[in-house]
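Bear in mind that the values in this text are calculations on the coordinates, not laboratory data. Source: prediction; values computed, not measured. Cβ atoms come from the backbone with ideal geometry, glycine included; neighbour counts cover every protein chain shown.
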Amino acid sequence: MAVPGAGPERLQLGELTQLLAEAREGNNAALDRVVGMVYDQLRRIARQQLRRERPGHTLHPTALVHEAYLKLSADTGLDVADRDHFFAIAARSMRQILIDHARRRNAEKHGGEWAHTSVEGKQIPADGPDANLVALDAALDRLGAMDERARRIVEYRFFMGLSEEETAELLQLSTRTVRREWVKARAWLYKELYAEQPGA
C-alpha cells in the first residue's frame, strides 16, 4: 500500500512488525524506533492535516508529530496490528490534538468570522476555522456511531490524504466500495454540518 511517502522502509517491514508487537506490549523504546523508521511519513500526514487549518496555526508539522508521539507513548492500551494500522492511529492522534487546540481557542473567544472548510469540494460553513474542525469531529463521531467503516474511510481519505486505492487496500475493500461510501459519507457530513448553521 502506498501510504504517503512509502518507500525503502518497506524493506524493514519485518523489523517494523516486530517493533510494533513490542510497542503493543508497552515497550516505549520499540515505539521510539517505530517513529524513527516512519518519521518522514508522519510528517507528511501532519502536513496534510495542517493544510486544512487556519493560517498561522501555532503548530507546525514537526510539533504535531512530536505531540502525537507523546500521546501515543502515553497510551498504555496502544494496540497496533501492523504498519498501516499504526499510520491510521497516528493520524487520528494528530486530529485529536488539533481538535483539542481548536476547543481551547473556542473557549477563549466567542463568535468569529463566517468561514468555510471543504470536504472534497463540498463547502461546509462554520463559525470560524477552529469551529470547523470541532464541528467536523462531532459529525464524524455521529457518523461512526452509525457506520464505523464510513468514518474510517473519511479519516483515511480526508485526514490522511490516501487515495481510493490506498484506502481500499487498508480496509480490505474494493475500490468501488470505497468510492461509493466516500461519496455517501461526504454527502451525509455536508448535510449534518450545514443543517447546524444559522439560517440553513
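Some points to look at:
- Stretching the chain fully between residue 175 and residue 17 yields a gain of 54.3 nm (0.36 nm per residue, less the alpha carbon separation).
- Fully extending the segment from residue 137 to residue 191, taken as 0.36 nm per residue of separation minus the present Cα-Cα distance, adds 18.0 nm.
- Within the range 82-96: backbone nitrogen closer than 19 Å to the residue 165 label point (7 Å, Cα to C-beta): 84
- Inter-probe distance in nm under a simple model that places probes 7 Å from Cα toward Cβ, at residue 29 and residue 51: 3.8
- Radius 10 Å from Cβ of residue 33, net charge of other residues (Lys, Arg +1; Asp, Glu -1): -3
- Here the simple spin-label model places points 7 Å from the Cα toward Cβ, and for residue 60 and residue 40 these points are separated by 2.0 nm.
- The distance between label points at residue 96 and residue 147 comes to 2.5 nm (points 7 Å beyond Cα on the Cα→Cβ vector).
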